[in-house]
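What follows is a single structure, written as structure tokens, with notes after it.
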Amino acid sequence: MATSAPQIDKAGGHDPHERRGLGLAGWIVCGTLALLFAGGWAVIYSHVGQTPGISSQTYTWNVRSDQRVEVSYMISKPKGDTVRCTLQAYDTGFATVGQREVVAPAGVETYNRMDALTTTRKATGAQVKDCRKA
């Protein structure tokens, strides 16, 4: 059985023809895997906290008095689903000063409304949030 020691060049290094490291193909495979994992993670992260097929949009709000704000909004959903959303009014510190639950009935895909919220003190804004299937 013959064994051979690695060849050493005159400068004390290893054989220049001996391959070390991943090489070009190895780096391409590692890069491709990293891109796939990053892309998959981005897709998962972008859908966290969302209810598929349900979206809401606040168009306008109008503060009418210290105890009342009007909110114009839209809820999009599958036609056969009943959806519940929370209308929320907030103050300058983003503390909730009024809220109410609204129901978008089955039979319509787009639900457009304007509702008034009663507030405990003057609101500075309002929004639709937390929509979910009823």
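The values are calculated or read from the model by the stated rules, or taken from the named source; none is laboratory data. Please read all numbers here as calculations on a predicted model, not as lab measurements. Cβ placement follows ideal geometry from the backbone for every residue including glycine, while neighbour counts extend to all protein chains displayed.
Checking the structure you have, find out if any residue of the stretch 100-115 is hydrophobic (A, V, I, L, M, F, W, C), more than 25 Å from the chain's Cα centre (by Cα) and assigned to a loop (DSSP other than H, G, I, E, B). Don't jump to the end; show me each part of the working.
Quick first cut of the stretch 100-115, residues hydrophobic (A, V, I, L, M, F, W, C) only: 102-104, 106, 108, 114.
The next check asks that each one be more than 25 Å from the chain's Cα centre (by Cα); those that pass are 106, 108, 114.
Subset that is assigned to a loop (DSSP other than H, G, I, E, B): 106, 108.
Yes, because at least one residue in the stretch 100-115 is hydrophobic (A, V, I, L, M, F, W, C), more than 25 Å from the chain's Cα centre (by Cα) and assigned to a loop (DSSP other than H, G, I, E, B).
Can you tell me which residue in the stretch 37-53 is modelled with the lowest pLDDT, limited to those that are in a helix (DSSP H, G or I) and small (Gly, Ala, Ser)? It would help to see each step written out before you state the result.
Looking only at the stretch 37-53, we keep the residues that are in a helix (DSSP H, G or I), and these are 37-46.
Keeping just the survivors that are small (Gly, Ala, Ser) gives 38-40, 42, 46.
Numbers: ALA38: 92, GLY39: 90, GLY40: 87, ALA42: 85, SER46: 74.
By that ranking, first place goes to SER46.
Could we say that ASP81 is in a loop (DSSP other than H, G, I, E, B), of a type in the set (D, E, K, R) and at pLDDT below 95 here? If you could, list the steps in order and put the result at the bottom.
Details: in a loop (DSSP other than H, G, I, E, B): yes; of a type in the set (D, E, K, R): yes; at pLDDT below 95: yes.
Spelling it out, ASP81 is indeed in a loop (DSSP other than H, G, I, E, B), of a type in the set (D, E, K, R) and at pLDDT below 95.
Report whether or not THR92 is part of a loop (DSSP other than H, G, I, E, B) and among the β-branched types (Val, Ile, Thr).
On the way: part of a loop (DSSP other than H, G, I, E, B): yes; among the β-branched types (Val, Ile, Thr): yes.
Yes; evaluated as a whole, the condition is true for this residue.
When you scan the stretch 83-129, how many residues do you find that are of a type in the set (D, E, K, R), under 18 Å from ARG64 (Cα atoms) and loosely packed, with under 13 Cβ neighbours inside 10 Å? Show your work before the answer.
Of all residues in the stretch 83-129, those of a type in the set (D, E, K, R) come to 84, 91, 100-101, 109, 113, 115, 121-122, 129.
Imposing the further condition that a residue be under 18 Å from ARG64 (Cα atoms) reduces the set to 91, 100, 113, 115, 121-122.
Okay, now just the ones that are also loosely packed, with under 13 Cβ neighbours inside 10 Å, so 121.
Total satisfying the criteria: 1.
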